[in-house]
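Just so it is clear, none of the values below were taken in a lab; they were calculated from the coordinates. Quick caveat: nothing in here was measured; it's all calculated off a predicted structure. When we count neighbours, we look across all protein chains shown, and the Cβ atoms used for this are built from the backbone with ideal geometry, even at glycine.
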Ligand code: 5GP
Ligand code: ZN
């Protein structure tokens, strides 16, 4: 499994930096965003290091569906029944700041379209 010792989310996945954990198994970690943009804001990451969603090779595509599956499970648990938003920012032009792929799960308020 690829890791980058300088990567913030690799360090969170390794337990070197604390987080408020919501879900964990051998492949996936979910935790609360430190700067929430909604009443509920979680980040779902693969434990393996991929800088962006575009860097996930076809043989690891299953990690994308696993991330979405964990997001749906959290949304059910948090009773985000009126709706929630899943976001993956890819590269600087889309606002990506942390270069370890992550899925945002946002809920608990009304979301607008198009996003900013
Ligand atoms: P991006 O802009 O890359 O899509 O999202 C990065 C997210 O990571 C942001 O929502 C930001 O608040 C969150 N974040 C940055 N540093 C930390 C941290 O140390 N801990 C946690 N839990 N979230 C972080
Ligand atoms: Zn990483």
Using a 7 Å offset from the Cα along the Cα-to-Cβ direction at both residue 113 and residue 92, what is the distance between the two label points in nm, to one decimal? 3.1 nm
The helix 62-77 Cα axis meets the longest alpha-carbon principal axis of the chain at an angle in degrees, between 0 and 90 and rounded to 10, of 40 degrees
Give me the one-decimal nm value for the distance between modelled label points at residue 52 and residue 68, 7 Å along each residue's Cα-to-Cβ direction. 2.0 nm
Rg/Rh ratio calculated on Cα atoms of the chain (Kirkwood radius): 0.94
Provide the gained length on full extension for the span residue 27 to residue 59, in nm with one decimal, where the gain is 0.36 nm per separating residue minus the Cα-Cα distance. 10.1 nm
